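The values are calculated or read from the model by the stated rules, or taken from the named source; none is laboratory data. Because the structure is a prediction, the values reported are computed rather than measured. Note that each Cβ is placed from the backbone with ideal geometry, even for glycine, and that neighbours are counted across all protein chains shown. Calculation scope for accessible area: heavy atoms of the full protein, side chains included, ligands and nucleic acids excluded. Shrake-Rupley method; radii C 1.70, N 1.55, O 1.52, S 1.80 Å.
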Amino acid sequence: MWNHFLPSNLKAYLDTLCVVGKTIKYASKGPKGLLENRKVLYIQSSGGIYDHESLEGKDYGHNYLKHIMSFIGIEDVLAIFIDGVDAFKDKASEIKAIG
Ligand SMILES: Cc1cc2nc3c(=O)[nH]c(=O)nc-3n(C[C@H](O)[C@H](O)[C@H](O)COP(=O)(O)O)c2cc1C
């Protein structure tokens, strides 16, 4: 997590995935994702601890990633969060091991 969002290099990568004619098509009803039967595994670490499921939880990155995956047709996103690695530095190895 960078500043409550995704690291900028991951954002740049996501931008390269959203390509009309390859991963999205625009139909009369609007955009349709073309990647079907795909799965995504998203692993995110953060210095602090967050509620990851709503925007009120301030984890904008995970929610944005799910939105973009849905945009290109992928609904099956498994997320693993490694929270608190800076807030609890002495327990960082333990936190990473549990995932
Ligand atoms: C530029 C930058 C911004 C960060 N912003 C946040 C943040 O908003 N919230 C948070 O909990 N941790 C933040 N962190 C801490 C990192 O998320 C944390 O140290 C990192 O996930 C550890 O993973 P790594 O060992 O792969 O670097 C930030 C770190 C950097 C370098």
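Given the criteria more than 24 Å from I80 (Cβ to Cβ) and among the polar types (S, T, N, Q), does S8 qualify? No, not satisfied. Kindly establish whether L6 is surrounded by 14 or more Cβ atoms within 10 Å (Cβ to Cβ) and more than 10 Å from the chain's Cα centre (by Cα). So L6 fails the test.
Only residues that are open to solvent by 60 Å² or more (accessible area, probe 1.4 Å), under 12 Å from I74 (Cα atoms) and not in a loop (DSSP other than H, G, I, E, B) were counted in region 22-53, giving 3. For A79, indicate whether it is touching a strand residue (DSSP E or B) at 6+ places or on another chain (Cβ under 6 Å), over 25 Å from A27 (Cβ atoms), surrounded by 13 or more Cβ atoms within 10 Å (Cβ to Cβ) and not charged (D, E, K, R). Against the criterion (touching a strand residue (DSSP E or B) at 6+ places or on another chain (Cβ under 6 Å), over 25 Å from A27 (Cβ atoms), surrounded by 13 or more Cβ atoms within 10 Å (Cβ to Cβ) and not charged (D, E, K, R)), A79 qualifies.
One line per residue, one yes/no per condition, for (1) closer than 26 Å to A97 by Cβ; (2) in contact with an Asp or Glu (Cβ under 9 Å, 6 or more places away or on another chain):
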{"position": "L10", "(1), (2)": "yes, no"}
{"position": "Y13", "(1), (2)": "no, no"}
{"position": "V20", "(1), (2)": "no, no"}
{"position": "S45", "(1), (2)": "yes, yes"}
{"position": "G48", "(1), (2)": "yes, yes"}
{"position": "E56", "(1), (2)": "no, no"}
{"position": "Y64", "(1), (2)": "no, no"}
{"position": "V77", "(1), (2)": "yes, no"}
{"position": "G84", "(1), (2)": "yes, no"}
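Scanning region 71-99 for residues that are part of a loop (DSSP other than H, G, I, E, B), closer than 30 Å to K32 by Cβ and either within 14 Å of the ligand (Cβ to nearest atom) or among the small types (G, A, S) (or both) gives a single hit, G73. Apart from one condition, H62 fits all of (1) loosely packed, with under 12 Cβ neighbours inside 10 Å; (2) under 16 Å from the mean Cα position of the chain (by Cα); the exception is (1).
When region 38-56 is filtered for residues that are within 14 Å of the ligand (Cβ to nearest atom) and more than 20 Å from S8 (Cα to Cα), the ones remaining, listed by number, are I49, D51. What about I68, is it surrounded by 16 or more Cβ atoms within 10 Å (Cβ to Cβ), touching a helix residue (DSSP H, G or I) at 6+ places or on another chain (Cβ under 7 Å) and either of a type in the set (V, I, T) or in a helix (DSSP H, G or I) (or both)? It is true that I68 is surrounded by 16 or more Cβ atoms within 10 Å (Cβ to Cβ), touching a helix residue (DSSP H, G or I) at 6+ places or on another chain (Cβ under 7 Å) and either of a type in the set (V, I, T) or in a helix (DSSP H, G or I) (or both). For region 29-69, residues that are over 30 Å from E94 (Cβ atoms) and either at pLDDT below 95 or not aliphatic (A, V, I, L, M) (or both) total 9. Residues of region 9-19 that are within 15 Å of the ligand (Cβ to nearest atom) and either exposed (fewer than 12 other Cβ atoms within 10 Å of the Cβ) or within 17 Å of P31 (Cα to Cα) (or both): N9, A12.
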